[in-house]
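What follows is a single structure, written as structure tokens, with notes after it.
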Amino acid sequence: MLYCVFFFFKQKTAYEMLRSLVGSEMCIRDSIRTIFSKEGKEITSIFMAEIGGMNSLSPLYTAALLGLPLIDADTMGRAYPEVQMCSHFIQGVKAVPSTCSDEKGNVDQLMTTETDNVKEVETFLRNFAIAHGLFVGVSFAPITKQQILEKTIHFSLSRAWRLGKSILEARHNMTSPLDAIQARENGKLAFQGKLTYLFRHEQGGFTKGVMHLEGFDQYVGKKVRIDFQNENLILADLLPGDEQNPEGKRGEVYAVVPDLICLVDNENYQPCLLYTSDAADDLLCVDLGGRRIIKKK
């Protein structure tokens, strides 16, 4: 049997993110032990739910501590806000039993009620996560090798590594990192601009909001908005008169999930999360497209 791990956390400062990485193995380790005690199955490997943010790093750390291999695959090919959006759940794999544990190792919640509605599992787990500061490890029911092969997105981890490597090589060779990104992932430059407005708030365990960008270079005179819920969801034209209005209507849509709407700074081509304290001013927006297993659904 294989195992799928998910980890809720809050978008915070770099210092708090580091603290989350240090404590995350306790959350995931304890949730794994609980559910395998319930299932009576041997742990053979770790499997990440999403190749996004801390949810891609924590399973690496946990697998190393447990002395187990980590599968080079995930269930999203990106980051998604909610559990029911995982590819194997979309295709009918059960999500229960599921379990939560906090980073102190002394809180544990197990959901065993059979349900075909994974949204119910999402609600159950997220409510627990909110009550414990959005710092909990979440583990789902074991999945098989065949389910990994048929219902997940392969090589997600190595894909991220290759993309980062191509940027580092471009810097070293003094060539364009943007060209390297586009060539590596068959992506396209969707916008180039300066951050002019940012509205964000915490709601229901999510960081929600909208950002506005004003174009320069080839995009001078254009304005766009990016709506996000933990992840960038929609890139669209910003309509006149809505420059300071987070509830404004969208104009023409240029990209939408499951496309990867990625933001990098215009100087070092570092990833930029505008809903954290690390927001940059000058940005490039690159559309890397979506994974086939998600798009076909």
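The values are calculated or read from the model by the stated rules, or taken from the named source; none is laboratory data. All values reported here derive from a predicted model rather than from experimental measurement. Positions of Cβ are generated from backbone atoms using ideal geometry, with glycine treated the same way; all protein chains shown enter the neighbour counts. To get the accessible areas, we keep the full protein, side chains included, count just its heavy atoms, and leave off ligands, DNA and RNA. Shrake-Rupley method; radii C 1.70, N 1.55, O 1.52, S 1.80 Å.
Please verify whether region 119-134 includes one or more residues that are exposed (fewer than 13 other Cβ atoms within 10 Å of the Cβ), in contact with an Asp or Glu (Cβ under 9 Å, 6 or more places away or on another chain), of a type in the set (Gly, Ala, Ser) and under 30 Å from residue 202 (Cβ atoms). So far as region 119-134 goes, yes, one or more of its residues are exposed (fewer than 13 other Cβ atoms within 10 Å of the Cβ), in contact with an Asp or Glu (Cβ under 9 Å, 6 or more places away or on another chain), of a type in the set (Gly, Ala, Ser) and under 30 Å from residue 202 (Cβ atoms).
Are any residues in region 201-243 assigned to a loop (DSSP other than H, G, I, E, B) and of a type outside the set (D, E, K, R), and if so, which ones?
The initial filter retains those residues of region 201-243 that are assigned to a loop (DSSP other than H, G, I, E, B), namely 204-205, 216, 220-222, 230, 239-243.
The answer is 204, 205, 216, 220, 221, 230, 239, 240, 241.
Screening the candidates 198, 213, 235, 239 for the property of being in contact with a Leu (Cβ under 7 Å, 6 or more places away or on another chain) and either more than 30 Å from residue 126 (Cα to Cα) or buried (at least 20 other Cβ atoms within 10 Å of the Cβ) (or both) yields one hit, 213.
Modelled with pLDDT of 90 or more and closer than 26 Å to residue 84 by Cβ, is that true of residue 150? Yes. Considering the conditions (1) modelled with pLDDT of 90 or more; (2) at positive phi, residue 289 is excluded by exactly one of them, (1). Among the conditions (1) in contact with a Leu (Cβ under 8 Å, 6 or more places away or on another chain); (2) open to solvent by less than 80 Å² (accessible area, probe 1.4 Å), residue 184 misses just one, which is (2). Condition check: within 15 Å of residue 195 (Cβ to Cβ), under 14 Å from the mean Cα position of the chain (by Cα) and modelled with pLDDT of 80 or more. Does residue 273 satisfy that? Criteria not met by residue 273.
Of the listed requirements (1) open to solvent by 20 Å² or more (accessible area, probe 1.4 Å); (2) over 30 Å from residue 46 (Cβ atoms); (3) outside any helix (DSSP H, G or I), residue 179 misses just one: (3). Residue 64 meets each of the listed conditions (1) open to solvent by less than 50 Å² (accessible area, probe 1.4 Å); (2) outside any loop (DSSP other than H, G, I, E, B); (3) of a type in the set (Gly, Ala, Ser) apart from (1).
Search region 74-84 for residues being surrounded by 22 or more Cβ atoms within 10 Å (Cβ to Cβ) and under 15 Å from residue 119 (Cβ atoms), and hand back the single one that is modelled with the lowest pLDDT. In this case the residue turns out to be 80. Restricting attention to region 137-174 and to residues that are touching a residue at least 12 places away in the same chain (Cβ under 8 Å), open to solvent by 30 Å² or more (accessible area, probe 1.4 Å) and outside any helix (DSSP H, G or I), the residue that is nearest to residue 97 (Cα to Cα) turns out to be 144. Please tell me if residue 251 is at pLDDT 90 or above, surrounded by fewer than 16 Cβ atoms within 10 Å (Cβ to Cβ) and outside any strand (DSSP E or B). No, not satisfied.
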